[in-house]
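Input: a single structure, listed below in structure tokens.
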Amino acid sequence: MTATTTTKTGQPTATITQGTYIGVTVQKSKRFPRGFEAFRGIPYAKDTSGQNRFRPPQRLPASTKTINAAKWGQACPTDGVVRPGMGENCLNLNVYRPVGTGKEERLPVVVYVHGGGFNAGKGTERNMASFVSWFGEKGIVSVNFNYRVGALGFLPSEVTARKGLLNLGLRDQQMALEWVEENIEGFGGDKGNITVMGLSAGAHSIGHHIMYYASSGKPAPFHKAILESGATTARAVFYPTHPRHQSQFQDFLAAAGADKVSEDKLFDHLRSLPLATIVAASNDVWYRNIDSVTWPFQPVIDGPNPYHNATTNTTSFSSDSIIPDLPINSWLKNKHLKIPIITGYNTNEGAIFIPAAASTNEEFREFFKGLIPTLTNDDLTQLEELYPDPVKYPTSSPYVKVPQGKGAQWARLDAAYSHYAYICPVLQTAHFMSNSGVDNVYVYRYAATSTWNASNHGDEAVIVAHDMEVIGYNKQRREGLFNVSERMHGYWGRFVVSKVGDLEGEGWPRFESPFDKVTGEWKGDLLGRKGKVMVFGEGNNERNKFAKIIQKGLAEKVERLGDVERRACEFWWRRVWLSEGVGRRGDNTTVVKVKARI
């Protein structure tokens, strides 16, 4: 049973199988041009504290209670300290809809999956209320939610695999998405038109869900996807038995004082510890690895591991694997949903992650050798040639100019890490989607600059949300960014509204891959139709505090992928296996026998 109405005092209500929720109405203001109704802190799964800690999420029972949904729910613990408003009863979500939405409206729905490197973040990181308020053509219902992060959500190891407790945070996400599909009609949403949207780790997650629902045979609880600066092949996705995860798991146990506990008692012991101990231990391991970008507590492949020696140490896996295979194998086997997508990247994705003071070629090499240990000397030599050393080639390297206070290798590291971790994985998603018969695939590049005169990872978030707290009001309004926001928010919103995700009629050309379908090599396009990308904010520097001359730049323009992307992605796609599974070059266990060099 679902219904939408208001109380006698005019408060918005929504009745679903869990009960009747009473929300709040937020009137229009300079921040919100249209009023909206908010339902906050609605649980989508049971409390994860006590015996539910380090266990998959559990569904809620039906109820006829009336619940006040005016206040925020708990956020999942992060940052090393259990702050006020944090706790393990954190699997909750927020729903926003236009004022007066009735039960028969069936408005399009967008669900936001937050980022944070799987170690931080919360659902409210993106202002989805603003996203709803600024979209005036047709109404939209938006949802954001929390999921477990850090060790509580992602604790990969051989022991965890044997217990069937891998990828709990991804399981939280799936329960939230399935909750939305089951209940959103109670809020006036259309369960037949749901778009899932995420940034960074949120986009990585969506990539995994796109593959999971294709391989599991379960109906997907969404129909379109927006992946900002993230992909299923981004960064590293290993087996839980990978030495990096095993070492970080032992570091976590030591930090929690649990390294002497026997395996059969380990998780009962961890469930008995104070939450503050778990969160502090998780944070300790995070900060040990943050500078090298070999981050702990990440999603892992929880399907069968062909490299694991079962005769000496058996590992059991869940029969319902969230990541059943190397993501690149799933692409090659065509085991992914064929749905419309928007995906894209920012120009300087790596700037906030790389070592700021690196000044020598040796430091450049060592950074990547630590990040990807199975790179050979030949690989590293090719890497050096692809990104010329600004110290050795000061007149020809494009990486000579760096912000004040940064090392000589900064721009070079930014370019290389950006391509490795974000840009080429994003383009790989678009490549495989466009080559698998999906018509509506759109790619963007966000170019407006902020800190360090760079377009940093995550800079587009407030622009997509049309968040005026950042864009500014009245005389302080950044007019160039306002125009960029009008374009990006408008495109994202119209994609959400369209049941087929069609934006070509709006002026954004569909993406057709210029790379060969089998080999991944650049084919080019004499007709000039392939590799088209929408660029937002080129030349805008209104968020750069140190800009001497403020420039509004271009709100949007179309460009084609060029030689830089061609050479970079050919290099990184050929080495994607080095960051997946056990980090070996190529996977000869792949069912699909292709001579792919991607």
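The values are calculated or read from the model by the stated rules, or taken from the named source; none is laboratory data. No experiment lies behind these values; they were computed from the predicted model shown. Cβ: placed from backbone, ideal geometry, glycine included. Neighbour counts: every protein chain shown.
Mind telling me which of the residues 558, 484, 496, 500 ends up being touching a Pro at 6+ places or on another chain (Cβ under 8 Å) and under 20 Å from residue 134 (Cα atoms)? Quick ask: steps written out before the conclusion?
Numbers: 558 fails: under 20 Å from residue 134 (Cα atoms); 484 fails: touching a Pro at 6+ places or on another chain (Cβ under 8 Å); 500 fails: under 20 Å from residue 134 (Cα atoms).
496 is the lone residue from the list that is touching a Pro at 6+ places or on another chain (Cβ under 8 Å) and under 20 Å from residue 134 (Cα atoms).
One line per residue, one yes/no per condition, for (1) among the charged types (D, E, K, R); (2) surrounded by fewer than 24 Cβ atoms within 10 Å (Cβ to Cβ); (3) closer than 19 Å to residue 335 by Cβ; (4) at pLDDT below 95:
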{"residue": "191", "(1), (2), (3), (4)": "yes, yes, no, no"}
{"residue": "202", "(1), (2), (3), (4)": "no, no, no, no"}
{"residue": "206", "(1), (2), (3), (4)": "no, no, yes, no"}
{"residue": "234", "(1), (2), (3), (4)": "no, no, yes, no"}
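For the stretch 213-234, which positions are within 23 Å of residue 190 (Cα to Cα) and assigned to a helix (DSSP H, G or I)? Let's see the steps before the verdict.
Quick first cut of the stretch 213-234, residues within 23 Å of residue 190 (Cα to Cα) only: 213-214, 217-227.
Across the stretch 213-234, the qualifying residues are 213, 214.
Find all pairs meeting these conditions: Cβ atoms under 6 angstrom apart; at least six residues apart or on different chains; first residue within the stretch 490-519 and without any contact (Cβ under 8 Å) to a residue 40 or more places away in the chain and of a type in the set (A, V, I, L, M); second residue exposed (fewer than 15 other Cβ atoms within 10 Å of the Cβ) and not in a loop (DSSP other than H, G, I, E, B).
none
Restricting to the stretch 1-13, name every residue that is modelled with pLDDT of 95 or more and either surrounded by fewer than 17 Cβ atoms within 10 Å (Cβ to Cβ) or out of contact with any Gly (no Cβ under 6 Å at 6 or more places or on another chain) (or both).
Scanning the stretch 1-13 gives a single hit, 13.
Exactly one of (1) closer than 26 Å to residue 88 by Cβ; (2) without any contact (Cβ under 8 Å) to a residue 40 or more places away in the chain is unmet by residue 198. Its number?
Every condition holds for residue 198 apart from (2).
Go through the stretch 509-548 and report how many residues are hydrophobic (A, V, I, L, M, F, W, C) and in contact with a helix residue (DSSP H, G or I) (Cβ under 6 Å, 6 or more places away or on another chain). Steps first, answer last, please.
Quick first cut of the stretch 509-548, residues hydrophobic (A, V, I, L, M, F, W, C) only: 511, 515, 518, 522, 526-527, 533-536, 546-547.
Then keep just the ones that are in contact with a helix residue (DSSP H, G or I) (Cβ under 6 Å, 6 or more places away or on another chain); that gives 511, 515, 522, 536.
Residues in the stretch 509-548 being hydrophobic (A, V, I, L, M, F, W, C) and in contact with a helix residue (DSSP H, G or I) (Cβ under 6 Å, 6 or more places away or on another chain): 4 in total.
Of the residues 545, 499, 532, 475, only one is at pLDDT 95 or above and farther than 30 Å from residue 329 by Cβ; which?
On the way: 545 fails: at pLDDT 95 or above; 532 fails: farther than 30 Å from residue 329 by Cβ; 475 fails: at pLDDT 95 or above.
Just a single option satisfies the conditions, and that option is 499.
Report yes if some residue within the stretch 507-529 is under 28 Å from residue 29 (Cα atoms), within 23 Å of the chain's Cα centre (by Cα) and at pLDDT 95 or above; otherwise report no. Spell out the reasoning first.
Within the stretch 507-529, the subset under 28 Å from residue 29 (Cα atoms) is none.
No - not one qualifying residue is present in the stretch 507-529.
Specify the residue that is nearest to residue 387 (Cα to Cα); the eligible residues are those in the stretch 562-583 that are under 23 Å from the mean Cα position of the chain (by Cα) and aliphatic (A, V, I, L, M).
Taking the candidates together, the pick is 568.
Considering only the stretch 395-451, how many residues are part of a helix (DSSP H, G or I) and either within 17 Å of residue 353 (Cβ to Cβ) or over 22 Å from the mean Cα position of the chain (by Cα) (or both)? Reasoning before the result, please.
The first filter runs over the stretch 395-451 and keeps only residues part of a helix (DSSP H, G or I), leaving 410-434.
Subsequent filtering for residues that are either within 17 Å of residue 353 (Cβ to Cβ) or over 22 Å from the mean Cα position of the chain (by Cα) (or both) retains 410-426.
Here the count works out to 17.
Is one or more of the residues making up the stretch 243-256 at positive phi and touching a Pro at 6+ places or on another chain (Cβ under 9 Å)? Break it down stepwise before answering.
Filtering the stretch 243-256 down to residues at positive phi leaves none.
The answer is no; no qualifying residue exists.
Counting just the residues of the stretch 452-471 that are surrounded by fewer than 22 Cβ atoms within 10 Å (Cβ to Cβ) and either at positive phi or not assigned by TED's automatic domain parsing to the domain that holds residue 523 (or both), which one comes out nearest to the chain's Cα centre (by Cα)?
Among those residues, the one meeting the criterion is 458.
From the list 553, 537, pick out the single residue that is under 25 Å from the mean Cα position of the chain (by Cα), closer than 21 Å to residue 476 by Cα, at pLDDT 95 or above and surrounded by 14 or more Cβ atoms within 10 Å (Cβ to Cβ).
Details: 553 fails: under 25 Å from the mean Cα position of the chain (by Cα).
None of the others qualify; the one that does is 537.
One residue is enough: does the stretch 277-288 have a residue meeting the conditions at pLDDT 95 or above, of a type in the set (Lys, Arg), over 25 Å from residue 202 (Cβ atoms) and in a helix (DSSP H, G or I)?
Initial filter on the stretch 277-288 (at pLDDT 95 or above): 277-288.
Narrowing further to those that are of a type in the set (Lys, Arg): 288.
Now narrow it down to the ones that are over 25 Å from residue 202 (Cβ atoms): none.
Within the stretch 277-288, none of the residues are at pLDDT 95 or above, of a type in the set (Lys, Arg), over 25 Å from residue 202 (Cβ atoms) and in a helix (DSSP H, G or I).
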